[in-house]
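The values are calculated or read from the model by the stated rules, or taken from the named source; none is laboratory data. Please read all numbers here as calculations on a predicted model, not as lab measurements. Ideal geometry is used to build each Cβ from the backbone, glycine not excepted, and the neighbour counts take in all protein chains shown. Areas reflect the complete protein model, heavy atoms only, side chains present, ligands, DNA and RNA absent. Shrake-Rupley method; radii C 1.70, N 1.55, O 1.52, S 1.80 Å.
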Amino acid sequence: MPRRIPVSGDMTAIGEVKTPPFARVPDPVRLFERRARRFHQLSGPDGIGPYLGFLAGIAEAQQALGGQLPPALPLDEAKLERALEHAMPPLDRNAFRPDAGFRLLADRLFGALEVVEKPVAAAKALADVRASDETGLDAMVSDLMADSVPVDSMAGHAYVAAALQLHFSRAAALLPERRLQSVGDGACPACGGPPVSSIIVGWPQAGGARFCSCALCGTLWHHVRIKCAICSSTKGICYQEIEDGPGTIKAETCDECGCYVKIFNQQKDVSLDPFADDVGSLGLDLLLRETKYRRGAFNPFLLGY
């Protein structure tokens, strides 16, 4: 039985970083390509390996469709300027309502997912989602935007989440990266969504910098070391990991808000992906469930944890 270990020292040392960019918007095709590749690397015949292989198939479908769709329509210029002027997320997820374009994208993605090998229960969930009317789809979108999904329909919501990820990453890719700014604690500067995890990057001129990764649109935003990714407190921060683990995956716990968010060190392992490895490190979530801390990050494929 693994146990948690408080980690001493500063695991997010800045290293050679000088002035890291505040935000990095995604390239949707590359985003899902990397995610699919990592899910495949993590998959296997044992434990949650088959599930990770299934998620690799979803990411591959997202990547393929992202490369086939015509370019996304840019955000209305006046709306964009207003959001940037008032430090609001330009792609406000709370204001999102499914339109004809999103419904078409979702339907095409669901169709592509028909051929992905999946458990019987997952196949039934996909059939149910495809058979749902507009009201049903809208309700699932609302649940996901509120980070509140009914336990008995988690599988169906995961498919809708995949469609939302593709839609929002395509929209985020068109935002003026250098003009994005903080819109609040624990919030993506592009869409206002919560982080899925945080990563220590090895980019040129930014090696050692830490970035939070959006669970919805895939945007990365700079977040300084030893600072809670949810409430931004610098008090009561501790890093914990599974004993005898690789040392590249830890949970940053915060005594102020009682949350934890995983942090992955890409300087030590470039293959780490903030979304795929969040699912792949489920054991750390199970370990933290026995403590006073709760997940502060949101991952639609780890619903219930």
* Asked: Within region 280-289, is there a residue that is more than 18 Å from the chain's Cα centre (by Cα), of a type in the set (Lys, Arg), over 26 Å from residue 51 (Cα atoms) and open to solvent by 20 Å² or more (accessible area, probe 1.4 Å)?
  -> no
* Consider residue 207 against the criteria (1) farther than 25 Å from residue 89 by Cβ; (2) open to solvent by less than 10 Å² (accessible area, probe 1.4 Å); (3) part of a loop (DSSP other than H, G, I, E, B); (4) in contact with a strand residue (DSSP E or B) (Cβ under 8 Å, 6 or more places away or on another chain): it satisfies all of them except one. Which criterion is unmet? -> (4)
* Scan region 213-257 for residues that are under 25 Å from residue 161 (Cα atoms) and in contact with a Gly (Cβ under 8 Å, 6 or more places away or on another chain) and jot them down. => 214, 215, 216, 217, 229, 230, 231
* Asked: Which residues, counting only those in region 236-258, are more than 15 Å from residue 293 (Cα to Cα), assigned to a loop (DSSP other than H, G, I, E, B) and not acidic (Asp, Glu)?
  -> 245, 246, 247, 248
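One line per residue, one yes/no per condition, for (1) hydroxyl-bearing (Ser, Thr, Tyr); (2) touching a helix residue (DSSP H, G or I) at 6+ places or on another chain (Cβ under 6 Å):
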| position | (1), (2) |
| --- | --- |
| 206 | no, no |
| 226 | no, no |
| 232 | yes, no |
| 239 | yes, no |
| 247 | no, no |
| 253 | yes, no |
| 263 | no, no |
| 282 | no, no |
| 300 | no, yes |
* **Residue match in region 210-221 (condition: surrounded by fewer than 22 Cβ atoms within 10 Å (Cβ to Cβ), in a loop (DSSP other than H, G, I, E, B) and either more than 20 Å from the chain's Cα centre (by Cα) or in contact (Cβ under 8 Å) with a residue 24 or more places away in the chain (or both))** => no
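Name every residue in region 185-235 that is farther than 21 Å from residue 250 by Cβ and either in contact with a Leu (Cβ under 9 Å, 6 or more places away or on another chain) or at pLDDT 95 or above (or both), in order of residue number.
Of region 185-235, the ones farther than 21 Å from residue 250 by Cβ are 187-193, 204-205, 216-219.
If the condition is that a residue be farther than 21 Å from residue 250 by Cβ and either in contact with a Leu (Cβ under 9 Å, 6 or more places away or on another chain) or at pLDDT 95 or above (or both), then 187, 188, 189, 190, 191, 192, 193, 216, 217, 218, 219 are the ones that fit.
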* Scanning for something in contact with a Lys or Arg (Cβ under 6 Å, 6 or more places away or on another chain) and among the aromatic types (Phe, Trp, Tyr), does region 32-43 turn up at least one residue? -> no
* Asked: Across region 39-62, what is the number of residues that are in contact with a helix residue (DSSP H, G or I) (Cβ under 6 Å, 6 or more places away or on another chain), closer than 17 Å to residue 116 by Cα and in a helix (DSSP H, G or I)?
  -> 10
* Checking residue 56 against (1) open to solvent by 60 Å² or more (accessible area, probe 1.4 Å); (2) touching a His at 6+ places or on another chain (Cβ under 8 Å), which test does it fail? -> (1)
* Unmet requirement for residue 171, which otherwise passes all of (1) over 28 Å from residue 282 (Cβ atoms); (2) part of a helix (DSSP H, G or I); (3) open to solvent by 50 Å² or more (accessible area, probe 1.4 Å) -> (3)
* Whichever residue in region 224-248 is crowded, with 22+ Cβ neighbours inside 10 Å and under 18 Å from the mean Cα position of the chain (by Cα) and, among such residues, is farthest from residue 299 (Cα to Cα) -> 228
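Of all the helices (runs of 4 or more DSSP H) wholly in region 88-151, which have at least 2 residues that are hydrophobic (A, V, I, L, M, F, W, C) and under 21 Å from the mean Cα position of the chain (by Cα)? I'd like the intermediate steps shown before the answer.
On the way: elements: 100-113, 120-131, 134-145.
Per the criteria, 100-113, 134-145.
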